[in-house]
Amino acid sequence: MAEFVLHCFAQSGNAYKAALMLALCGADWRPRFVDYFNGETRTPEYRAINAMGEVPVLEAEGRMISQSGVILHHLARRFGKFVPEGEAEAEEVLRWILFDNHKLTSYTATLRWFRTFARDPADPAVTAFLEGRARAAWKVLDGHLAGRDFVLGAKPTIADISLCSYLFWPEEIGVDWADGYPQIQAWLGRIRALPGWTPAYELMPGHPLPGKG
């Protein structure tokens, strides 16, 4: 029996944050496919696992841990990897994880949804708004990475793992990182070179969607 079970599906960037952390830490884990596109997260059975009706959920030590940032903190403590050093770094990690969830992931993920997974085309004005907000967040991250290998400097932390997850799908988002975001492009390459890095669609079950690949 695996030490960790991750409730997830392959298209979820938030689930990828947790799955990638498990892979990079060399954890003993297995994925448990959540059939999001057929409504599983809205069922009473799933809401008993996570009342928020979201993935990922990590089963660990008899607990059901939800929210990707919390899972990353839990695994960092458990494995002693990708951890910040000292209070100032811990606060900086928290700052970037909050920025990721509120600004970067929120707009990037929604833009990707409308461009790749939505059954009906979005209003062009809505897509333009989302792209504008996403590009603003990418610009912040790109500027911050200038002169740094990783978000906090020389070594990766869970801030990097949180921020990078959705950005490994440029084609689905509709962006070329080489066009205006060179620091992000180089940083993603450094993350890709970490031992254990695996693409989301190889790490978690549920891809491709019917009719999507």
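No lab work stands behind these numbers, since they all come straight from the coordinates. Quick caveat: nothing in here was measured; it's all calculated off a predicted structure. Don't worry about glycine lacking a Cβ; one is built from the backbone with ideal geometry, like all the others, and counts go over all protein chains shown.
Counting only residues that are of a type in the set (D, E, K, R) and in a loop (DSSP other than H, G, I, E, B), which one in segment 46-85 is farthest from Ser165 (Cα to Cα)?
So, considering only residues that are of a type in the set (D, E, K, R) and in a loop (DSSP other than H, G, I, E, B), the one farthest from Ser165 (Cα to Cα) is Glu61.
Output yes when any residue across segment 189-212 is of a type outside the set (A, V, I, L, M, F, W, C), buried (at least 16 other Cβ atoms within 10 Å of the Cβ), in contact with a Ser or Thr (Cβ under 8 Å, 6 or more places away or on another chain) and in a helix (DSSP H, G or I), and no when none is.
Looking through segment 189-212, none of the residues is of a type outside the set (A, V, I, L, M, F, W, C), buried (at least 16 other Cβ atoms within 10 Å of the Cβ), in contact with a Ser or Thr (Cβ under 8 Å, 6 or more places away or on another chain) and in a helix (DSSP H, G or I).
Across segment 59-94, what is the total count of residues that are without any contact (Cβ under 8 Å) to a residue 40 or more places away in the chain and either within 17 Å of the chain's Cα centre (by Cα) or surrounded by 18 or more Cβ atoms within 10 Å (Cβ to Cβ) (or both)?
Number of matching residues: 6.
In segment 123-155, which residue that is of a type in the set (Gly, Ala, Ser) and either within 17 Å of the chain's Cα centre (by Cα) or buried (at least 16 other Cβ atoms within 10 Å of the Cβ) (or both) is farthest from Ser12 (Cα to Cα)?
Ala137
Quick check, is Val55 of a type in the set (A, V, I, L, M), more than 20 Å from Trp169 (Cβ to Cβ) and under 13 Å from the mean Cα position of the chain (by Cα)?
No: the conditions fail for Val55.
Within segment 70-85, which residues are of a type outside the set (D, E, K, R) and over 20 Å from Gly153 (Cα atoms)?
The answer is Val70, Ile71, His74, Leu75, Phe79.
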